[in-house]
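Only one structure is covered here, and it is reproduced in the block below.
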Amino acid sequence: MPRFGIAVVLVTLGFAQAGMRAASAKASAPEAASAKASAPEAAQDGVTPTSPKCPSISTAVSSAAPKRASAQGPAGDRESGKAIWALGNTSCRNCHGGDAEGAFAPTLAGQKFPFDAVKNQIRKPCGIMPAFIPSQLTDQEVADLVAYWNSLPAPAKPAAWRTPLPAGAAPGQLLAIQLIGCAQCHGATLDTPRHGLAQVNGDWEWFKHQVYEHQTAIRGHWAQLDPSLPQVTPGPAGPPGRNRVRMGNYERKQLPEPVLRQIFDWAADLGYLPPLAAEAMAGAQANAYTVKVINAGVKNKGIAAEGVNVSVILPASANVVSTTGTGYQGTQPLDNMSKVAVWRLPRLGPTEQEMLTITLSAPAPDLHGTIRWAKPEVKADQVVLFALRRGGRGAQASN
Ligand code: HEC
Ligand code: HEC
């Protein structure tokens, strides 16, 4: 076989197979959906959706020319690879397992993959994996990852899926979780993409653009967001200066528009999620707290939330001394032990903020609360939780 034979074979296979998989997904997405839905065991942990059309690159390569392939590419450093994997900017782990042991996607640990086959899968994936470009993961970083995986023992079994398929999933959800895998990164109800939709009141065109031209579309989206507002959709990742986009690129031939449309229709039907957030902080006075409630949408574009209820859960031993802010409703019992202080804001439009304050009779080091809203109605993710900030921004936005 000529020197670049393996790469050529893999590229050819990759295109042909991606096309076949796409074609069959297109033709049979609803049938596949109902077939899989009626056999929920198929989605159980440890079962990967690897297409038979995409044989493992280890099989493809070892049967072809095992020695030559591993000589190609930059020398990898396993410690750097471990760090890249752990940092998770490209979220490979969401599909391939926290320790590369496999989950939704195949096992990478201990497979002795050669660099060129891995690089090929990353840049021009076979199957439903999105492609990652060099600004997201450089060739050197790919080599480091390969060195890291190859230094690991082959795992006994794959990990549980990050986002398992719930019983009775609608066809759109089944596509998102099991067949395409968006939900392995975005969670079972695609909450951050639904936040993104609400931030700009996006439509199908917007959504499609975010998926098929993600690298440019997301930068356009980020450019419209006010950086002083809390992040409700993940921002660029990586060390300063890298400013990376994390989600890979999808092509229409691997993810045909009618399939993506089903995912969009299902997500839109769950409801555009108003990008509400609250920052709770200890005030200047003893036992005084402030809660800043924000709609992080884009001005003149994003959707407003109406009938916004902000509840602060009070410690059992504390009473309300005083409050400020729009629409204070007094306290209401939460259960036998505790009460909540409630504000009702008639409307919170994009970029609007409301500052609420509360002074208690006793300290509340674990002060926390919830935001709910009446409109727009949503079928999932109806509550935003917030807690007192303790130095730093708290947990990073999940993706
Ligand atoms: C959305 C889930 C998903 C993400 C994210 C993802 N992959 Fe994959 N990956 C897959 C699937 C699924 C396959 C198997 C190909 C198929 O049948 O679709 C695969 C295959 C592979 C393979 C080939 C494995 C084999 O046995 O042939 C490698 C290598 C790989 N991925 C590396 C990566 C790296 C590196 C990243 C991050 C930059 C990544 N993947 C991100 C889903 C994912
Ligand atoms: C590897 C993990 C991963 C997968 C798989 C993935 N996404 Fe994303 N997606 C992200 C991240 C992270 C962002 C935030 C922007 C960025 O850094 O790329 C994002 C951004 C988006 C956005 C823009 C709004 C926002 O949330 O910022 C949309 C819309 C979106 N994704 C939809 C999808 C759909 C639909 C699929 C499946 C076809 C999908 N994503 C698959 C990780 C992923």
Picking from Q285, Q254, which residue would you name as being within 10 Å of ligand 2 (Cβ to nearest atom) and assigned to a loop (DSSP other than H, G, I, E, B)? Q254
What helices (runs of 4 or more DSSP H), lying completely within region 166-235, carry at least 3 residues that are small (G, A, S) and surrounded by fewer than 23 Cβ atoms within 10 Å (Cβ to Cβ)? 214-224
For region 300-346, which residues satisfy the criterion of being of a type in the set (A, V, I, L, M) and either within 28 Å of Q224 (Cβ to Cβ) or without any contact (Cβ under 8 Å) to a residue 12 or more places away in the chain (or both)? I303, A304, A305, V308, V310, L345
With criteria (1) modelled with pLDDT under 95; (2) away from ligand 1 (no atom under 15 Å from the Cβ); (3) in contact with a Gly (Cβ under 6 Å, 6 or more places away or on another chain), R244 comes up short on (2)
Scanning for something touching a residue at least 12 places away in the same chain (Cβ under 8 Å) and more than 15 Å from W266 (Cα to Cα), does region 176-185 turn up at least one residue? yes
Step by step: first the residues of region 100-141, then only those that are within 16 Å of ligand 2 (Cβ to nearest atom) and free of Cβ contacts under 8 Å to residues at least 12 places away in the same chain, then the one that is nearest to Y212 (Cα to Cα). Which residue is that? R123
If we take region 288-399, then strands (runs of 3 or more DSSP E) inside it with 2 or more residues that are in contact with a helix residue (DSSP H, G or I) (Cβ under 6 Å, 6 or more places away or on another chain), at pLDDT below 95 and within 15 Å of A278 (Cα to Cα) are none
Quick one: in region 276-287, of everything that is farther than 12 Å from L360 by Cβ and surrounded by fewer than 16 Cβ atoms within 10 Å (Cβ to Cβ), which residue is modelled with the highest pLDDT? M281
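The values are calculated or read from the model by the stated rules, or taken from the named source; none is laboratory data. All values derive from a computational prediction rather than experimental measurement. All Cβ positions, even for glycine, are placed from backbone atoms using ideal geometry, and neighbour counts span all protein chains on display.
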